[in-house]
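Read the structure below first, then the notes.
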Ligand code: INI
């Protein structure tokens, strides 16, 4: 019986981050946490590219474009959709999630969902480094784990 597990050793290659500028304070904190986690796991800053998009709704197109380019081991999507601020929360959050999943399945590249969906700004800030971890850092870890898992699966 084979058992496959992605570890957290430093993977070779480049990473992409796609981040939403909507709720910029939260977005910047997520990007910072993500970059910090990648760096502390040995990924050089020069190996990480960052694309800013207007909001979470635009993340999937850019994520899929970057994933399909063949230049990246993984694409990390970061954003924040706050229910209190929009009557179309469900549409923006739902389409962002569905698009991120589709980008991953259509390209075969790990496209990581680091988009916060919260009821309030406070909840978002807390999950972007204030007092409940940093979802950007979590997304970086998921990216590294998935890259290493796919490599392990390819080795057989
Ligand atoms: N985009 C977000 O990333 N978060 C939000 O909370 C949000 N709200 O509140 O509406 C939001 N809207 C913008 C959306 O993502 C698109 O950029 C916009 O609709 C243009 O397509």
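Things worth noting here:
- Residue in the range 130-143 that is in contact with a helix residue (DSSP H, G or I) (Cβ under 8 Å, 6 or more places away or on another chain), crowded, with 18+ Cβ neighbours inside 10 Å and over 19 Å from residue 42 (Cβ atoms) present: yes
- Just one of the listed residues (71, 83) is at pLDDT below 95 and touching a strand residue (DSSP E or B) at 6+ places or on another chain (Cβ under 8 Å), namely 83.
- Residue tally, condition over 16 Å from residue 67 (Cβ atoms) and under 12 Å from the mean Cα position of the chain (by Cα), over the range 98-119: 1
The values are calculated or read from the model by the stated rules, or taken from the named source; none is laboratory data. Computed from a predicted model, the values in this text were never measured in an experiment. All Cβ positions, even for glycine, are placed from backbone atoms using ideal geometry, and neighbour counts span all protein chains on display.
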